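What follows is a single structure, written as structure tokens, with notes after it.
The values are calculated or read from the model by the stated rules, or taken from the named source; none is laboratory data. Predicted model, so just to flag it, every value in this text is computed and none were measured. Note: ideal-geometry Cβ built from the backbone for every residue, glycine included; neighbour counts use all protein chains shown.
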């Protein structure tokens, strides 16, 4: 019996296609690296401020350890920013500098407070003291202060995927089109990996043209998008090789028998 006679006609969706390549590593390593960024480093510098404005010298080492333990209990930036809101006092800038000097673009006046367990009150400290004690940059404090001044709460606004959701419907149309394609499942390759083979006279470019011809204008895609979905890990499909030892009559009769 010819090996081509034992091929199984099956759709891409029906076949358990699996993956053509190894799956990437779990995002645990990336998550751990992100958490490691916000665990804090223990570096402290003592400041002898004990004046009416700042009482840095009255903050004990035990107070700093307690504050750091509460702050870094959750290695998450958003949670830490919410806790930092309790250490800041924000108001608009009042002092106006001379016009002869180029003014700084500072619109807010920020005061820093640390909670003292021994004195049972919040102590005002300088910026250098709180940044060195907590291991947080002044730029991060400024970002939190702007949120407080606007009457909001810290939110996660860093990066993220803002593009893929706009084309999700179009991608789902492409997935449905590829899933409805008919192919063959080779009998000798089932145990190793289930791979679906499409007809030899097809190609990715031809399938892309067929897809665009069947879709309205808002769902027409580019060849690069179609190619990425076709070659992604969702489908384990390829194109069969032309049978070199079969004549046109035999191929036509086999197609009639399958139908």
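Given the conditions (1) surrounded by 15 or more Cβ atoms within 10 Å (Cβ to Cβ); (2) within 27 Å of the chain's Cα centre (by Cα), and given that residue 139 satisfies all but one, which numbered condition is not satisfied?
It fails just one condition, (1).
Please identify the pairs in which a residue from segment 118-134 that is assigned by TED's automatic domain parsing to the domain that holds residue 71 has its Cβ atom under 6 Å from the Cβ atom of a residue that is outside any helix (DSSP H, G or I) and exposed (fewer than 13 other Cβ atoms within 10 Å of the Cβ), counting only partners at least 6 apart or on another chain.
Listed by first residue and then by second, the contacts come to 132/45.
Of all residues in segment 196-222, count the ones that are under 23 Å from residue 166 (Cβ atoms) and either surrounded by fewer than 14 Cβ atoms within 10 Å (Cβ to Cβ) or over 32 Å from the mean Cα position of the chain (by Cα) (or both).
Total meeting the criteria: 5.
Quick one: count up the residues across segment 59-96 that are outside any loop (DSSP other than H, G, I, E, B) and touching a strand residue (DSSP E or B) at 6+ places or on another chain (Cβ under 7 Å).
Matching residues across segment 59-96 total 8.
Conditions (1) outside any strand (DSSP E or B); (2) at pLDDT 90 or above; (3) over 22 Å from residue 195 (Cα atoms), marked per residue:
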residue: 148; (1), (2), (3): yes, no, yes
residue: 154; (1), (2), (3): yes, no, yes
residue: 158; (1), (2), (3): yes, no, yes
residue: 161; (1), (2), (3): yes, no, yes
residue: 167; (1), (2), (3): yes, no, yes
residue: 172; (1), (2), (3): yes, yes, no
residue: 176; (1), (2), (3): yes, yes, no
residue: 183; (1), (2), (3): no, no, no
